[in-house]
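The values are calculated or read from the model by the stated rules, or taken from the named source; none is laboratory data. All values derive from a computational prediction rather than experimental measurement. Glycine gets a Cβ as well: all are built from the backbone with ideal geometry, and neighbour counts include every protein chain shown.
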Amino acid sequence: MNSAIRDIRLAPEGRARINWVRQYMPLLNELEKEFRAEKPFEGKRITVSVHLEAKTAYLSLVLAAGGAEVAVTGSNPLSTQDAVAAALAEEGLKVYAWHGASEEEYNEHLNQALDFGPHIIIDDGGDLVHMLHTSRTDLKDGVIGGCEETTTGVLRLRAREREGQLAFPMFSVNDAYCKYLFDNRYGTGQSVWDGIMRTTNLIVAGKNVVIAGYGWCGKGVAMKAKGLGANVIITEVDPVKALEAVMDGFRVMTMDEAASIGDIFITVTGCIKVIRKEHFKKMKDGVLLANAGHFDVEVWKPGLEELCVDKKPMRKNIMGYVMEDGRILNLLAEGRLVNLASGDGHPAEIMDMSFALQALCARYVMENEGRLQNRVYQVPEEIDQRVARMKLASMGIQIDTLTPEQAEYLKTY
(Lines give C-alpha, C1' and ligand atoms only; values in the text may rest on other atoms or scores of the structure.)
Protein backbone atom coordinates (compact mmCIF):
# COMPACT_ATOMS: atom_id res chain seq x y z
CA MET A 1 0.00 0.00 0.00
CA ASN A 2 1.43 3.38 -0.99
CA SER A 3 -0.70 5.42 1.41
CA ALA A 4 -3.48 5.11 3.97
CA ILE A 5 -5.46 8.35 4.00
CA ARG A 6 -9.06 9.42 4.40
CA ASP A 7 -9.90 10.79 0.94
CA ILE A 8 -7.58 11.65 -1.99
CA ARG A 9 -10.25 14.03 -3.33
CA LEU A 10 -9.32 16.46 -0.55
CA ALA A 11 -5.90 17.02 -2.14
CA PRO A 12 -6.69 20.41 -3.79
CA GLU A 13 -7.66 21.87 -0.41
CA GLY A 14 -4.50 20.46 1.13
CA ARG A 15 -2.31 21.89 -1.63
CA ALA A 16 -3.82 25.32 -1.02
CA ARG A 17 -2.95 25.09 2.68
CA ILE A 18 0.62 24.02 1.92
CA ASN A 19 1.06 26.78 -0.66
CA TRP A 20 -0.19 29.33 1.87
CA VAL A 21 2.40 28.47 4.52
CA ARG A 22 5.13 28.10 1.89
CA GLN A 23 4.88 31.86 1.30
CA TYR A 24 5.77 32.52 4.93
CA MET A 25 8.56 29.99 5.39
CA PRO A 26 11.59 31.61 3.72
CA LEU A 27 14.14 29.39 5.48
CA LEU A 28 12.58 26.23 4.10
CA ASN A 29 12.29 28.00 0.73
CA GLU A 30 16.07 28.48 0.77
CA LEU A 31 16.77 24.94 1.92
CA GLU A 32 14.42 23.53 -0.71
CA LYS A 33 16.48 25.22 -3.45
CA GLU A 34 19.72 24.07 -1.84
CA PHE A 35 18.55 20.50 -1.38
CA ARG A 36 17.10 20.31 -4.89
CA ALA A 37 20.47 21.31 -6.33
CA GLU A 38 22.67 19.18 -4.06
CA LYS A 39 20.44 16.11 -3.47
CA PRO A 40 21.98 15.42 -0.02
CA PHE A 41 19.47 12.62 0.78
CA GLU A 42 19.78 10.74 -2.52
CA GLY A 43 19.10 7.06 -1.92
CA LYS A 44 18.02 7.55 1.70
CA ARG A 45 14.65 6.87 3.31
CA ILE A 46 13.19 9.22 5.93
CA THR A 47 10.17 8.66 8.14
CA VAL A 48 8.52 11.78 9.57
CA SER A 49 6.13 11.53 12.52
CA VAL A 50 5.12 15.10 13.37
CA HIS A 51 1.69 16.73 13.65
CA LEU A 52 0.48 16.28 10.10
CA GLU A 53 -0.62 19.71 8.96
CA ALA A 54 0.56 22.13 6.27
CA LYS A 55 3.90 23.15 7.79
CA THR A 56 4.94 19.56 8.42
CA ALA A 57 3.89 18.73 4.88
CA TYR A 58 6.19 21.42 3.52
CA LEU A 59 9.12 20.07 5.56
CA SER A 60 8.43 16.63 4.10
CA LEU A 61 8.41 18.04 0.57
CA VAL A 62 11.73 19.81 1.22
CA LEU A 63 13.28 16.51 2.32
CA ALA A 64 11.89 14.84 -0.79
CA ALA A 65 13.36 17.64 -2.92
CA GLY A 66 16.72 16.64 -1.44
CA GLY A 67 16.39 13.18 -2.96
CA ALA A 68 14.89 11.31 -0.01
CA GLU A 69 12.13 8.75 -0.19
CA VAL A 70 9.76 10.05 2.49
CA ALA A 71 7.04 8.38 4.55
CA VAL A 72 4.85 10.61 6.70
CA THR A 73 2.52 9.90 9.59
CA GLY A 74 0.99 11.99 12.35
CA SER A 75 2.12 12.24 15.97
CA ASN A 76 -1.39 12.87 17.32
CA PRO A 77 -4.66 11.55 15.83
CA LEU A 78 -6.52 14.82 16.39
CA SER A 79 -3.93 17.07 14.78
CA THR A 80 -3.84 15.29 11.42
CA GLN A 81 -5.50 17.30 8.64
CA ASP A 82 -6.97 14.94 6.06
CA ALA A 83 -6.71 17.44 3.21
CA VAL A 84 -2.98 17.92 3.82
CA ALA A 85 -2.43 14.17 4.03
CA ALA A 86 -4.20 13.78 0.68
CA ALA A 87 -2.08 16.49 -0.93
CA LEU A 88 1.15 14.80 0.17
CA ALA A 89 -0.07 11.43 -1.09
CA GLU A 90 -0.88 13.00 -4.46
CA GLU A 91 2.69 14.38 -4.53
CA GLY A 92 3.95 10.80 -4.35
CA LEU A 93 4.98 10.63 -0.71
CA LYS A 94 3.94 7.67 1.40
CA VAL A 95 1.32 8.93 3.87
CA TYR A 96 -0.28 6.94 6.68
CA ALA A 97 -2.62 9.05 8.80
CA TRP A 98 -6.13 10.31 9.15
CA HIS A 99 -7.90 12.60 11.57
CA GLY A 100 -9.53 10.92 14.56
CA ALA A 101 -7.67 7.62 14.21
CA SER A 102 -8.30 5.13 17.00
CA GLU A 103 -5.36 4.01 19.10
CA GLU A 104 -5.16 0.81 17.07
CA GLU A 105 -5.27 2.74 13.78
CA TYR A 106 -2.68 5.25 15.02
CA ASN A 107 -0.25 2.44 15.89
CA GLU A 108 -0.90 0.79 12.56
CA HIS A 109 -0.06 4.05 10.78
CA LEU A 110 3.22 4.29 12.70
CA ASN A 111 4.03 0.73 11.68
CA GLN A 112 3.23 1.42 8.05
CA ALA A 113 5.45 4.51 8.07
CA LEU A 114 8.31 2.37 9.37
CA ASP A 115 7.70 -0.58 7.05
CA PHE A 116 9.93 0.74 4.26
CA GLY A 117 12.95 0.74 6.59
CA PRO A 118 13.96 4.35 7.25
CA HIS A 119 17.57 5.46 7.49
CA ILE A 120 16.61 8.68 9.29
CA ILE A 121 13.62 9.44 11.51
CA ILE A 122 12.11 12.77 12.50
CA ASP A 123 10.01 12.21 15.60
CA ASP A 124 7.67 14.34 17.72
CA GLY A 125 6.94 12.88 21.13
CA GLY A 126 9.03 9.74 20.78
CA ASP A 127 6.53 7.21 19.45
CA LEU A 128 8.69 6.21 16.48
CA VAL A 129 11.75 5.72 18.68
CA HIS A 130 9.69 3.73 21.19
CA MET A 131 8.36 1.46 18.47
CA LEU A 132 11.84 0.91 17.00
CA HIS A 133 13.04 -0.22 20.43
CA THR A 134 10.07 -2.47 21.21
CA SER A 135 7.79 -3.90 18.55
CA ARG A 136 9.92 -3.00 15.49
CA THR A 137 13.43 -3.91 16.62
CA ASP A 138 13.86 -5.61 13.24
CA LEU A 139 14.37 -2.16 11.73
CA LYS A 140 16.55 -0.37 14.27
CA ASP A 141 19.90 -1.54 12.85
CA GLY A 142 19.10 0.22 9.59
CA VAL A 143 18.52 3.57 11.30
CA ILE A 144 21.49 5.96 10.97
CA GLY A 145 19.93 8.37 13.47
CA GLY A 146 17.28 11.03 13.81
CA CYS A 147 15.88 14.16 15.39
CA GLU A 148 13.31 14.80 18.13
CA GLU A 149 11.06 17.85 18.06
CA THR A 150 9.56 18.23 21.50
CA THR A 151 10.20 18.14 25.26
CA THR A 152 8.25 14.95 25.91
CA GLY A 153 10.19 13.07 23.26
CA VAL A 154 13.53 14.32 24.57
CA LEU A 155 12.63 13.18 28.10
CA ARG A 156 11.87 9.72 26.75
CA LEU A 157 15.13 9.69 24.77
CA ARG A 158 17.23 10.70 27.76
CA ALA A 159 15.60 8.01 29.90
CA ARG A 160 16.48 5.41 27.28
CA GLU A 161 20.02 6.79 27.04
CA ARG A 162 20.47 6.59 30.83
CA GLU A 163 19.46 2.95 30.70
CA GLY A 164 22.03 2.31 27.97
CA GLN A 165 19.30 1.21 25.56
CA LEU A 166 19.35 3.87 22.84
CA ALA A 167 20.09 2.05 19.59
CA PHE A 168 21.07 5.02 17.39
CA PRO A 169 22.08 8.69 17.75
CA MET A 170 19.30 11.26 18.14
CA PHE A 171 19.48 15.05 18.04
CA SER A 172 17.45 17.09 20.50
CA VAL A 173 16.10 19.78 18.19
CA ASN A 174 13.87 20.85 21.08
CA ASP A 175 16.93 22.08 23.00
CA ALA A 176 18.32 24.26 20.22
CA TYR A 177 18.25 27.99 20.97
CA CYS A 178 16.36 28.67 17.74
CA LYS A 179 13.74 26.15 18.82
CA TYR A 180 12.89 26.73 22.46
CA LEU A 181 13.43 30.50 22.52
CA PHE A 182 10.97 30.98 19.68
CA ASP A 183 8.90 27.86 18.94
CA ASN A 184 8.25 26.95 22.59
CA ARG A 185 7.75 30.52 23.77
CA TYR A 186 6.18 32.48 20.92
CA GLY A 187 4.77 29.54 18.96
CA THR A 188 3.12 27.75 21.88
CA GLY A 189 2.16 31.05 23.49
CA GLN A 190 0.17 32.19 20.47
CA SER A 191 -1.18 28.89 19.19
CA VAL A 192 -2.54 27.74 22.57
CA TRP A 193 -4.65 30.86 22.83
CA ASP A 194 -5.65 30.60 19.16
CA GLY A 195 -7.01 27.11 19.90
CA ILE A 196 -8.78 28.08 23.13
CA MET A 197 -10.38 31.24 21.77
CA ARG A 198 -11.42 29.62 18.49
CA THR A 199 -13.02 26.74 20.38
CA THR A 200 -14.78 28.67 23.15
CA ASN A 201 -15.56 32.13 21.69
CA LEU A 202 -15.09 33.49 25.24
CA ILE A 203 -13.12 36.46 26.53
CA VAL A 204 -9.79 36.03 28.31
CA ALA A 205 -9.53 39.51 29.85
CA GLY A 206 -10.40 39.55 33.54
CA LYS A 207 -10.29 35.77 33.88
CA ASN A 208 -8.07 33.88 36.33
CA VAL A 209 -5.82 31.75 34.13
CA VAL A 210 -3.92 28.95 35.87
CA ILE A 211 -0.87 27.72 33.95
CA ALA A 212 0.78 24.53 35.18
CA GLY A 213 4.47 24.63 34.29
CA TYR A 214 6.79 27.58 33.74
CA GLY A 215 9.22 26.17 31.22
CA TRP A 216 9.63 27.90 27.90
CA CYS A 217 6.17 26.85 26.73
CA GLY A 218 4.59 27.93 30.01
CA LYS A 219 6.39 31.27 29.81
CA GLY A 220 4.93 31.86 26.36
CA VAL A 221 1.39 30.93 27.37
CA ALA A 222 1.66 33.17 30.45
CA MET A 223 3.05 36.10 28.46
CA LYS A 224 0.19 35.95 25.96
CA ALA A 225 -2.39 35.51 28.73
CA LYS A 226 -1.07 38.62 30.43
CA GLY A 227 -1.28 40.51 27.15
CA LEU A 228 -4.89 39.42 26.75
CA GLY A 229 -5.75 40.89 30.15
CA ALA A 230 -5.86 37.74 32.25
CA ASN A 231 -4.91 37.43 35.91
CA VAL A 232 -2.16 34.80 35.62
CA ILE A 233 -1.43 32.15 38.24
CA ILE A 234 1.51 29.76 37.85
CA THR A 235 1.90 26.35 39.48
CA GLU A 236 5.34 24.72 39.51
CA VAL A 237 7.41 21.96 41.11
CA ASP A 238 10.78 23.54 40.28
CA PRO A 239 11.69 26.21 42.86
CA VAL A 240 13.90 28.14 40.42
CA LYS A 241 11.18 28.34 37.78
CA ALA A 242 8.63 29.25 40.45
CA LEU A 243 10.86 32.08 41.62
CA GLU A 244 11.31 33.24 38.04
CA ALA A 245 7.53 33.36 37.63
CA VAL A 246 7.24 35.49 40.78
CA MET A 247 9.93 37.86 39.48
CA ASP A 248 8.07 38.06 36.16
CA GLY A 249 5.07 39.41 38.06
CA PHE A 250 2.83 36.35 38.29
CA ARG A 251 1.12 34.80 41.29
CA VAL A 252 2.57 31.41 42.22
CA MET A 253 0.75 28.81 44.28
CA THR A 254 -0.02 25.10 44.44
CA MET A 255 -2.60 23.55 42.16
CA ASP A 256 -4.58 22.72 45.29
CA GLU A 257 -4.84 26.46 46.06
CA ALA A 258 -5.44 27.46 42.46
CA ALA A 259 -8.19 24.90 41.81
CA SER A 260 -10.95 26.95 43.42
CA ILE A 261 -9.77 30.24 41.90
CA GLY A 262 -9.13 29.48 38.23
CA ASP A 263 -11.47 30.10 35.32
CA ILE A 264 -9.15 28.63 32.67
CA PHE A 265 -6.58 25.90 33.38
CA ILE A 266 -3.75 25.08 30.96
CA THR A 267 -1.21 22.31 31.58
CA VAL A 268 2.23 22.64 29.97
CA THR A 269 4.41 20.21 31.94
CA GLY A 270 4.98 16.94 30.08
CA CYS A 271 4.03 15.09 33.28
CA ILE A 272 1.09 12.94 34.34
CA LYS A 273 -1.92 13.73 36.60
CA VAL A 274 -1.13 17.43 36.91
CA ILE A 275 -4.83 18.24 37.42
CA ARG A 276 -6.63 15.36 39.11
CA LYS A 277 -9.64 14.34 41.24
CA GLU A 278 -8.90 16.45 44.32
CA HIS A 279 -8.59 19.51 42.09
CA PHE A 280 -11.73 18.82 40.05
CA LYS A 281 -13.74 18.65 43.29
CA LYS A 282 -12.84 22.28 44.10
CA MET A 283 -13.34 23.87 40.69
CA LYS A 284 -15.94 26.47 39.74
CA ASP A 285 -18.88 25.70 37.52
CA GLY A 286 -18.00 26.35 33.86
CA VAL A 287 -14.21 26.20 34.07
CA LEU A 288 -12.21 25.46 30.93
CA LEU A 289 -9.59 22.70 31.06
CA ALA A 290 -6.95 22.64 28.32
CA ASN A 291 -3.69 20.80 27.80
CA ALA A 292 -0.67 21.96 25.80
CA GLY A 293 1.61 19.02 26.68
CA HIS A 294 2.27 16.27 24.16
CA PHE A 295 0.16 13.49 25.70
CA ASP A 296 -3.41 13.60 27.02
CA VAL A 297 -2.39 12.64 30.56
CA GLU A 298 -1.90 16.02 32.25
CA VAL A 299 -5.59 16.76 32.80
CA TRP A 300 -6.43 13.36 34.26
CA LYS A 301 -9.47 12.17 32.32
CA PRO A 302 -10.04 8.97 34.34
CA GLY A 303 -10.55 11.21 37.37
CA LEU A 304 -13.13 13.27 35.50
CA GLU A 305 -14.88 10.10 34.39
CA GLU A 306 -15.05 8.81 37.97
CA LEU A 307 -16.47 12.04 39.36
CA CYS A 308 -18.99 12.93 36.67
CA VAL A 309 -22.59 11.79 36.62
CA ASP A 310 -23.10 12.80 33.01
CA LYS A 311 -21.17 14.01 29.97
CA LYS A 312 -22.47 16.20 27.19
CA PRO A 313 -20.91 17.90 24.17
CA MET A 314 -21.04 21.66 24.74
CA ARG A 315 -19.52 22.83 21.47
CA LYS A 316 -17.26 21.30 18.86
CA ASN A 317 -14.14 20.07 20.69
CA ILE A 318 -15.63 20.74 24.16
CA MET A 319 -16.96 17.98 26.40
CA GLY A 320 -18.84 19.02 29.51
CA TYR A 321 -18.36 16.76 32.54
CA VAL A 322 -21.35 17.18 34.88
CA MET A 323 -20.47 16.76 38.54
CA GLU A 324 -22.85 15.40 41.18
CA ASP A 325 -23.57 18.92 42.47
CA GLY A 326 -24.44 20.18 38.97
CA ARG A 327 -21.14 21.91 38.19
CA ILE A 328 -19.88 21.46 34.63
CA LEU A 329 -16.15 21.17 33.95
CA ASN A 330 -15.38 21.73 30.28
CA LEU A 331 -12.54 19.71 28.74
CA LEU A 332 -11.20 21.03 25.45
CA ALA A 333 -9.98 18.75 22.63
CA GLU A 334 -10.23 15.55 24.71
CA GLY A 335 -7.30 16.79 26.80
CA ARG A 336 -4.99 16.54 23.79
CA LEU A 337 -2.76 19.33 22.48
CA VAL A 338 -5.23 22.19 22.34
CA ASN A 339 -3.22 24.26 19.89
CA LEU A 340 -3.29 21.49 17.28
CA ALA A 341 -6.41 19.50 18.12
CA SER A 342 -8.43 22.75 18.22
CA GLY A 343 -6.32 24.86 15.88
CA ASP A 344 -3.62 24.90 13.22
CA GLY A 345 -0.63 24.79 15.54
CA HIS A 346 2.24 27.23 15.65
CA PRO A 347 2.49 30.12 13.18
CA ALA A 348 4.27 29.31 9.91
CA GLU A 349 7.07 31.81 10.51
CA ILE A 350 7.92 30.08 13.81
CA MET A 351 7.84 26.54 12.45
CA ASP A 352 10.04 27.70 9.59
CA MET A 353 12.88 27.97 12.10
CA SER A 354 12.15 24.68 13.88
CA PHE A 355 11.82 22.75 10.64
CA ALA A 356 14.97 24.34 9.20
CA LEU A 357 16.73 22.90 12.26
CA GLN A 358 15.14 19.51 11.58
CA ALA A 359 16.19 19.49 7.93
CA LEU A 360 19.76 20.57 8.64
CA CYS A 361 20.14 18.13 11.54
CA ALA A 362 18.82 15.30 9.36
CA ARG A 363 21.53 16.13 6.82
CA TYR A 364 24.13 16.28 9.61
CA VAL A 365 23.09 12.81 10.80
CA MET A 366 23.49 11.41 7.31
CA GLU A 367 26.83 13.12 6.65
CA ASN A 368 28.23 11.79 9.93
CA GLU A 369 27.06 8.21 9.55
CA GLY A 370 29.26 5.88 11.57
CA ARG A 371 30.93 8.70 13.52
CA LEU A 372 28.19 9.33 16.09
CA GLN A 373 27.59 7.39 19.29
CA ASN A 374 24.20 6.03 20.32
CA ARG A 375 23.27 8.93 22.55
CA VAL A 376 21.28 12.18 22.59
CA TYR A 377 23.15 15.07 20.97
CA GLN A 378 22.60 18.78 21.16
CA VAL A 379 22.09 20.58 17.85
CA PRO A 380 25.54 21.67 16.61
CA GLU A 381 26.15 25.36 17.27
CA GLU A 382 26.88 26.04 13.62
CA ILE A 383 23.40 24.82 12.65
CA ASP A 384 21.71 26.93 15.33
CA GLN A 385 23.74 29.95 14.22
CA ARG A 386 22.97 29.38 10.57
CA VAL A 387 19.24 29.22 11.21
CA ALA A 388 19.38 32.45 13.22
CA ARG A 389 21.31 34.21 10.45
CA MET A 390 18.93 32.91 7.79
CA LYS A 391 15.98 34.19 9.80
CA LEU A 392 17.55 37.62 10.29
CA ALA A 393 18.38 37.84 6.58
CA SER A 394 14.79 36.95 5.66
CA MET A 395 13.68 39.88 7.83
CA GLY A 396 16.13 42.26 6.17
CA ILE A 397 18.21 42.61 9.35
CA GLN A 398 21.99 42.83 9.44
CA ILE A 399 24.14 42.53 12.56
CA ASP A 400 27.72 43.39 13.47
CA THR A 401 30.61 40.95 13.33
CA LEU A 402 33.71 40.96 15.51
CA THR A 403 36.81 42.55 14.06
CA PRO A 404 39.94 40.36 14.17
CA GLU A 405 41.20 42.54 17.00
CA GLN A 406 37.98 42.09 18.99
CA ALA A 407 38.00 38.32 18.43
CA GLU A 408 41.61 38.11 19.61
CA TYR A 409 40.82 40.28 22.65
CA LEU A 410 38.00 37.99 23.75
CA LYS A 411 40.30 34.97 23.62
CA THR A 412 42.30 36.43 26.53
CA TYR A 413 39.37 35.97 28.94
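Can you name the residue in region 188-198 that is crowded, with 24+ Cβ neighbours inside 10 Å and in contact (Cβ under 8 Å) with a residue 60 or more places away in the chain and, of all such residues, is nearest to the chain's Cα centre (by Cα)? Going through the qualifying residues, I end up with Thr188.
The set of residues in region 216-248 being under 20 Å from Leu181 (Cβ atoms), among the small types (Gly, Ala, Ser) and either over 21 Å from the mean Cα position of the chain (by Cα) or at pLDDT below 95 (or both) consists of Gly227, Ala245.
In summary, Gly187 fulfils each of the numbered conditions (1) touching a helix residue (DSSP H, G or I) at 6+ places or on another chain (Cβ under 8 Å); (2) among the small types (Gly, Ala, Ser); (3) in a loop (DSSP other than H, G, I, E, B) with the single exception of condition (3).
Can you tell me which residue within region 282-292, out of those that are part of a loop (DSSP other than H, G, I, E, B) and out of contact with any helix residue (DSSP H, G or I) (no Cβ under 7 Å at 6 or more places or on another chain), is surrounded by the fewest Cβ atoms within 10 Å (Cβ to Cβ)?
So the first thing to find is which residues in region 282-292 are part of a loop (DSSP other than H, G, I, E, B), and the list is 282-287, 292.
Checking which are out of contact with any helix residue (DSSP H, G or I) (no Cβ under 7 Å at 6 or more places or on another chain) leaves us with 282-287.
On the way: Lys282: 14, Met283: 22, Lys284: 14, Asp285: 11, Gly286: 13, Val287: 20.
So, considering only residues that are part of a loop (DSSP other than H, G, I, E, B) and out of contact with any helix residue (DSSP H, G or I) (no Cβ under 7 Å at 6 or more places or on another chain), the one surrounded by the fewest Cβ atoms within 10 Å (Cβ to Cβ) is Asp285.
Report those helices (runs of 4 or more DSSP H) wholly inside region 1-93 carrying at least 3 residues which are over 25 Å from Thr150 (Cα atoms) and in the same structural domain as His119 (by TED's automatic domain parsing). Spell out the reasoning first.
Working: elements: 11-22, 26-38, 54-65, 82-90.
Because the criterion is at least 3 residues that are over 25 Å from Thr150 (Cα atoms) and in the same structural domain as His119 (by TED's automatic domain parsing), the helices (runs of 4 or more DSSP H) in region 1-93 that meet it are 11-22, 26-38, 82-90.
Among the residues of region 327-364, the one identified as surrounded by fewer than 24 Cβ atoms within 10 Å (Cβ to Cβ), within 13 Å of Gly146 (Cβ to Cβ) and either assigned by TED's automatic domain parsing to the domain that holds Phe295 or not charged (D, E, K, R) (or both) is Tyr364.
Using beta carbons and a limit of 8 Å, which pairs, at least six apart or on different chains, have the first residue in region 251-275 and at negative phi and of a type in the set (Val, Ile, Thr) and the second one surrounded by fewer than 21 Cβ atoms within 10 Å (Cβ to Cβ) and part of a strand (DSSP E or B)? Between residues of region 251-275 that are at negative phi and of a type in the set (Val, Ile, Thr) and residues that are surrounded by fewer than 21 Cβ atoms within 10 Å (Cβ to Cβ) and part of a strand (DSSP E or B), the close pairs are Ile261/Asn208; Ile264/Asn208.
Residue check: is Gly125 out of contact with any Asp or Glu (no Cβ under 8 Å at 6 or more places or on another chain), assigned by TED's automatic domain parsing to the domain that holds Tyr364 and in a loop (DSSP other than H, G, I, E, B)? Don't jump to the end; show me each part of the working.
Values: out of contact with any Asp or Glu (no Cβ under 8 Å at 6 or more places or on another chain): no; assigned by TED's automatic domain parsing to the domain that holds Tyr364: yes; in a loop (DSSP other than H, G, I, E, B): yes.
Spelling it out, it is not the case that Gly125 is out of contact with any Asp or Glu (no Cβ under 8 Å at 6 or more places or on another chain), assigned by TED's automatic domain parsing to the domain that holds Tyr364 and in a loop (DSSP other than H, G, I, E, B).
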